[in-house]
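The values are calculated or read from the model by the stated rules, or taken from the named source; none is laboratory data. These numbers come from a predicted model, not from an experiment. In this analysis, Cβ positions are derived from the backbone assuming ideal geometry, glycine residues included, and neighbour counts consider all displayed protein chains. Accessible surface areas use protein heavy atoms only, side chains included; no ligands, DNA or RNA. Shrake-Rupley method; radii C 1.70, N 1.55, O 1.52, S 1.80 Å.
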Amino acid sequence: MDINQRIAEITDRIKQAAQAVNRPADDVTLVAVSKVQPEDRIEAALAAGLRVFGENRVQEAQGRWAARRAVYPDLALHLIGPLQSNKAEDAVALFDVIETVDRPKLVETLAKLAQAGHKLPKLLVQVNTGEEEQKAGVAPGDLPALLDLCAEHQLAIEGLMCIPPEHEEPAMHFALLAKLAMRHGLSVLSMGMSSDFETAISFGATHVRVGSALFGERASSD
Ligand SMILES: *Cc1c(COP(=O)(O)O)cnc(C)c1O
């Protein structure tokens with residue numbers, strides 16, 4: 001299958017998954033995860049009309065997307081990997097959405113950038129639903145305090161994001177994230193990847209992050 005066929009297939013599966021739970025087909029945004037993919041696949045995705053892309057590293061994303069901004073003014077770039085505070089200024093300049101706000105220090109850094117006049121991207125909080133030690137994201141129990149801190153600093157949080165543990169049934173993690181979002185009045189839910197985006201949609205995902213199923217396998221992991 002070439003990339004155009006894959007894009008058509010994934011787009012169709014997203015629509016069907018939405019309709020299966022009586023949601024409008026355009027309720028769910030496909031975030032095409034382009035990290036580590038070769039340039040020809042990115043070009044093919046752009047030619048096919050995709051405009052929303054996810055990257056997990058700030059520097060890699062700058063190299064790939066900064067110049068393309070001028071050519072594609074309607075691009076929407078999502079940061080989906082952990083953000084170090086010392087890269088926050090670069091991330092704020094490049095991305096339209098940062099999905100990985102996950103700790104007080106980063107909240108404070110973003111608040112300072114806003115005070116200094118930087119226009120902040122839309123912000124999501126990453127929740128470590130599986131409470132995995134090595135994984136980024138705020139523990140579910142610490143989410144209320146982090147959201148309070150954001151409010152104190154007048155940072156608008158639009159929603160939540162999660163990456164379920166690799167070897168667990170993702171459904172319970174999607175259900176938990178949806179419940180947390182509902183409880184806090186947040187409307188954006190970024191959840192679901194190549195292997196489980198249809199399940200995520202059935203639990204209310206508004207954004208699915210799909211990489212390998214769209215572009216093919218990545219050359220290196222991560
Ligand atoms: C790589 C990555 C994805 C995409 O994973 P696939 O399984 O290739 O679809 C989604 N979300 C995050 C946070 C990622 O790092």
Estimated FRET transfer efficiency when R0 is 30 angstrom, pair E133-E108 (beta carbons, to 0.05)
0.80
Mean Cβ count within 10 Å, highest first, over the residues of peptides 1-7, 209-215:
209-215, 1-7
Computed about the Cα centre, the charge dipole of the chain from +1 Lys/Arg and -1 Asp/Glu charges at the Cβ has a magnitude in debye, to the nearest 20, of 520
Positive end of the dipole of the range 1-145, charges at C-beta (+1 Lys, Arg; -1 Asp, Glu), about the Cα centre: which of Q37, A139, A91 has its Cα farthest in that direction?
A91
At 7 Å along the Cα-to-beta-carbon direction for both M172 and D40, put a label point, then send me their distance in nm to one decimal.
4.4
Rounded to whole Hz, the Karplus (6.51, -1.76, 1.60) HN-Hα couplings of the range 57-63, x for glycine and proline:
10, 4, 5, 4, 5, 4, x
Solvent-accessible heavy-atom area per residue, rounded to whole Å², over the range 3-206 at 1.4 Å:
48
Count of lysine pairs in the range 65-222 with Cα atoms under 23 Å apart, counting only pairs 8 or more residues apart in sequence or on different chains?
12
Expressed as a whole-number percentage, the relative contact order of the chain with C-alpha contacts under 8 angstrom and at least six residues apart is 21
Which one of H153, F174, S195 is farthest out on the positive end of the charge dipole of the chain, using unit charges on Cβ (Lys, Arg +1; Asp, Glu -1) and the Cα centre as origin?
H153
Rg and Dmax of the range 7-80, Cα atoms only, in Å
13.5, 40
Give the peptides 96-103, 107-114 in descending order of average Cβ contacts within 10 Å, highest first.
96-103, 107-114
Probe radius 1.4 Å, ligands and nucleic acids ignored: give me the carbon and sulfur share of the accessible area of the chain as a rounded percent.
49
Work out, in µm²/s and without decimals, the Stokes-Einstein translational diffusion coefficient of the chain at 4 °C, 1.567 mPa s, Rh from Kirkwood over C-alpha pairs.
73
